[in-house]
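Trainee: Here it is: the structure, laid out below.
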Amino acid sequence: MPDMDHWPTGRLLSTAARLVEHSWNEKLGAIGLTHAGVIAIEVLDAQGPMTQAQLAQYVRVQAQTMGKTLSRLEAHGHIVRVRSTSDRRSHVVSLTEQGKEAVAAAVEMERSVLASASIDPDLLRQELQAVVRELASQFANSPGDNALVENSPSTR
């Protein structure tokens, strides 16, 4: 590994994020999930059933992208889609019992990724939350607000 003592903080953060996500994705594959799928089921777990369009808007992805993610989740039994009774053109997405179990398993898998590092994952989480909050507050007065952070499924 190269000498990281001279790396800028942004490079350290992005490299750490990629390495954690890669390791996490390897573990998630065992239960039929991807990082994108975890985000979707975390939102459903926290917010309850919603239309596919609402879910796509909530996680800030295109409806087509969300459709592909939901197809994988549905194939693995994590979600169900039922045609809306109020709008026959849309589908309401709900988390199944298996999906609820997958949310819990994904949280544990994420924790296990950091367990091998000689750090306190809870302290790291607190520090990262502080960084996100502080930097997001700087964008509060700019166009687009801090919608990047608000309503994020992972701000628990």
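The values are calculated or read from the model by the stated rules, or taken from the named source; none is laboratory data. Only a predicted model underlies this, so the values are computations on that prediction, with no experimental measurement involved. Reconstructed Cβ throughout: ideal geometry from the backbone, glycine too, with neighbour counts over all protein chains shown. Each accessible area value is taken on the protein alone, full model and side chains, heavy atoms only, with ligands, DNA and RNA left out. Shrake-Rupley method; radii C 1.70, N 1.55, O 1.52, S 1.80 Å.
Trainee: Any idea how many residues of segment 10-33 are at pLDDT 90 or above and among the β-branched types (Val, Ile, Thr)?
Mentor: 2
Trainee: Condition first: open to solvent by 10 Å² or more (accessible area, probe 1.4 Å) and in a helix (DSSP H, G or I). Now tell me which residues in segment 70-102 satisfy that.
Mentor: Selection gives 71, 72, 74, 75, 97, 98, 100, 101.
Trainee: Is there any pair with a first residue in segment 3-24 that is exposed (fewer than 10 other Cβ atoms within 10 Å of the Cβ) and a second that is part of a helix (DSSP H, G or I) whose Cβ atoms are under 7 Å apart and which are 6 or more apart or on different chains, and what are they?
Mentor: 4/12
Trainee: Only residues in segment 43-54 that are part of a loop (DSSP other than H, G, I, E, B) count as the first member; pair them with residues that are open to solvent by less than 70 Å² (accessible area, probe 1.4 Å) and polar (S, T, N, Q), Cβ under 6 angstrom, at least 6 apart or cross-chain, and list the lot.
Mentor: Going by the 6 Å Cβ cut-off, the qualifying pairs are 49/94.
Trainee: Within segment 97-127, which residues are among the charged types (D, E, K, R) and more than 22 Å from residue 40 (Cβ to Cβ)?
Mentor: 120, 122, 127 - these are the residues of segment 97-127 that are among the charged types (D, E, K, R) and more than 22 Å from residue 40 (Cβ to Cβ).
Trainee: Follow-up. Count, please, the residues in segment 38-62 that happen to be closer than 11 Å to residue 103 by Cα and in contact with a strand residue (DSSP E or B) (Cβ under 9 Å, 6 or more places away or on another chain).
Mentor: Result for segment 38-62: 5.
To keep it simple, each residue is scored yes or no on (1) modelled with pLDDT under 85; (2) on the phi < 0 side of the Ramachandran plot; (3) of a type in the set (Val, Ile, Thr); (4) in contact with a helix residue (DSSP H, G or I) (Cβ under 8 Å, 6 or more places away or on another chain).
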{"position": "98", "(1), (2), (3), (4)": "no, yes, no, no"}
{"position": "123", "(1), (2), (3), (4)": "no, yes, no, no"}
{"position": "137", "(1), (2), (3), (4)": "no, yes, no, no"}
{"position": "145", "(1), (2), (3), (4)": "yes, no, no, no"}
{"position": "151", "(1), (2), (3), (4)": "yes, no, no, yes"}
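Trainee: Do you know which residues across segment 51-66 are closer than 19 Å to residue 33 by Cβ and buried (at least 17 other Cβ atoms within 10 Å of the Cβ)?
Mentor: Listed by number, the residues that qualify are 52, 55, 56, 58, 59, 61, 66.
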